[in-house]
Amino acid sequence: MKKNYRSIKAIGTGLLLIFTALNGCKTDLSPEPQEAKQTSSSNATNYIHPGILNTAESLNDMVYQYNTSSDPDYGFRRAAFSRVTGWINNTTNHSPSSFVTGTAPIIIYVAASAATPEEKMVKNDAILAYANALAWATTAETKYLTAAKAILNAYGSRFNRFEAKDGVTSQAYLEAAWVAPTFVAAAEIIKTYNRGGAPAPWTNATEVSNFRNFAIKLHNDYVANIPLTKKGNWGVSAGYAKMALGVYLDQYTSVYLDGRNRLLNAMPDEIAASGEVGDFCVHNDCEHGQYSLTALTYGAEIARNQGETGVNSIYDANYGSTTRRLLMGYYWTDKLFTSGTVSNCVSCTSYSDIYPGVEVAADYYKHSSIYNLSSQNADSNPYNNIPLNDIPNSFTFLGFTSFTHRNVGERSTIN
C-alpha cells in the first residue's frame, strides 16, 4: 500500500471555524462586509506551496508513477499524461492565442449573451499554461517550461482589462473568476515546485512580479466585485477563485478566507439536504450544476491541500445533518446523469461532458457512485474502463484530473 502523503496540518485557528447552524440553516461565517483591496504584502505565512490543486507530494507521486514501469498505475498514468500532451500538441485548436504571440495590450472583450472569440482565447491560454506546467513537472523537459512561462509572461506584462461588449459589466467579473485559478495553478507549479529537489525554475524577478500584479488585478478589479450575496455558479466560482488567488498571493483574510467563507455559506443554497443541485433546474441544462459542483470541489481540494480536515472542512460540512452536503450533491447528480429519476426539469442521461471535478471528488470520497458518474464521459477514451477526464467543453475549469488525482498519493478500496 502506498504511503498517504496527506498530512494533517492545521493552517491556523482562523481556518478551522466551527459550524453553528442547526436544523439545516446556513452557517454564518461572518465574511468581511467590504472587500479590502490587496497589495503585494502578505497576510499569512503558513501556506503550503505548491498548494492549489497540486502539492509537491502529489506531483512527486505522479512523476514516480509515470517513470516506474513496476508501479501498478504506470500504464494508467502514461495514458492519462497522453491527454495532457495531446492538448498541448493539438496546434489546430490549442495553440497560444494572439494575446501571447502578439505585442499589443491584452483587452478581453466579453458578453453575457454568447462567448466571444476573446473569451475563448483567454480560457485556452490559461488551460494551455497549466497543461505545459504539468508536462514540465512530469518530464522536466525545457520546452514545456518555456511554453508555460511564455503564456504567463504575456499576461503578466501586457494584460490591460476585461471589457463588456454588451454593456453587462458584471460578466467580466465572472470570466475573470473562471480563468484566474487556472492561471495561478500553472504559475504555482513552475514557481514553487522543487522537482527532484532542484530549485523551482521560474525565478526571473521581473516576470514573477509582473504576473503577481496581474493576479492582484484579476482579484481587485474583477473577482472581488462579485457580491457576497451572489448565488449560483457566480458565487461559488468567486469563492474558488479567491481561494486559489489567496494561496498564490499568500493573502489570507480578505482573499483566501473570504473565498472559503463564500463556499461554505453558498453550499446549502446550491445543494439541498436531499442532494439536489439547484443550478441544473435554474438553468434547465446539464452544465451549470456542474459549474457549481466543480467550483465547490476545487475549493474543497485547495482547503484540503492547506491542511483542512474534519467536520469543519468544505468536503465534510454537513450543516447539522448526518450526511456530507457536497457528497450528497454527487449522489444526486450521478442519478440525474445515469437514470434521470431525480429531476422533472432537465434530462441529462445522454449528456457526456462530465466536468473534471468529479475525479477530484472521487479521490477524496472514494465512493462508487462518483466513479460511476465519471464513467458517463463517452468521449474520454477510457483506459481499462477508467475515463481520462480532461477539459469541459466550456473551458471554464482546469482539467486533466484523472492524471493528477486518480490513485495519486494514496490507494484505497472503492466503496
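Here is how the numbers come out for the structure above:
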| item | result |
| --- | --- |
| Every residue from the range 199-239 that is β-branched (Val, Ile, Thr) and under 30 Å from His288 (Cα atoms) | Ile216, Val223, Ile226, Thr229, Val236 |
| Candidate set: the range 218-244, residues that are of a type in the set (Gly, Ala, Ser) and touching a helix residue (DSSP H, G or I) at 6+ places or on another chain (Cβ under 7 Å); chosen: the one farthest from Ile314 (Cα to Cα) | Gly232 |
| Subset tally (residues that are surrounded by fewer than 17 Cβ atoms within 10 Å (Cβ to Cβ) and either among the aromatic types (Phe, Trp, Tyr) or closer than 28 Å to Tyr173 by Cα (or both)) for the range 66-108 | 10 |
| Unmet requirement for Lys230, which otherwise passes all of (1) modelled with pLDDT under 95; (2) in a helix (DSSP H, G or I) | (2) |
| Enumeration of residues in the range 103-128 that are in contact with a strand residue (DSSP E or B) (Cβ under 7 Å, 6 or more places away or on another chain) and without any contact (Cβ under 8 Å) to a residue 24 or more places away in the chain | Glu118 |
| Residues (of a type in the set (A, V, I, L, M) and surrounded by fewer than 24 Cβ atoms within 10 Å (Cβ to Cβ)) located in the range 277-300 | Val282 |
| Elements of type helices (runs of 4 or more DSSP H) in the range 302-415, at least 3 residues being modelled with pLDDT of 85 or more and more than 30 Å from Tyr66 (Cβ to Cβ) | 325-338 |
| Pairs with Cβ under 9 Å, 6+ apart, first in the range 206-231 and polar (S, T, N, Q), second buried (at least 19 other Cβ atoms within 10 Å of the Cβ) and at pLDDT below 95 | Asn220/Glu35; Asn220/Gln38; Asn225/Glu35 |
| The range 224-246, residues that are in contact with an Asp or Glu (Cβ under 9 Å, 6 or more places away or on another chain) and within 18 Å of Gly156 (Cβ to Cβ) | Ala244 |
| Any chance Ala115 is in a loop (DSSP other than H, G, I, E, B) and surrounded by fewer than 21 Cβ atoms within 10 Å (Cβ to Cβ) | yes |
| Residue within the range 324-337 that is charged (D, E, K, R) and touching a residue at least 60 places away in the same chain (Cβ under 8 Å) present | no |
| Failed criterion for Gly196 (all others in (1) assigned to a helix (DSSP H, G or I); (2) more than 20 Å from Met62 (Cβ to Cβ) hold) | (2) |
| Of all residues making up the range 198-246, the number that are under 30 Å from Gly278 (Cα atoms) and charged (D, E, K, R) | 4 |
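Every residue, every condition in (1) within 14 Å of the chain's Cα centre (by Cα); (2) closer than 19 Å to Leu249 by Cα, yes or no:
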site: Ala114; (1), (2): no, no
site: Ala126; (1), (2): yes, yes
site: Thr142; (1), (2): no, no
site: Phe159; (1), (2): no, yes
site: Ala172; (1), (2): no, no
site: Ala177; (1), (2): yes, yes
site: Lys191; (1), (2): no, yes
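The values are calculated or read from the model by the stated rules, or taken from the named source; none is laboratory data. Since this is a predicted model, take the numbers as computed values, not measurements. Because the Cβ atoms are built from the backbone with ideal geometry, glycine has one as well, and the counts that use them run over all protein chains shown.
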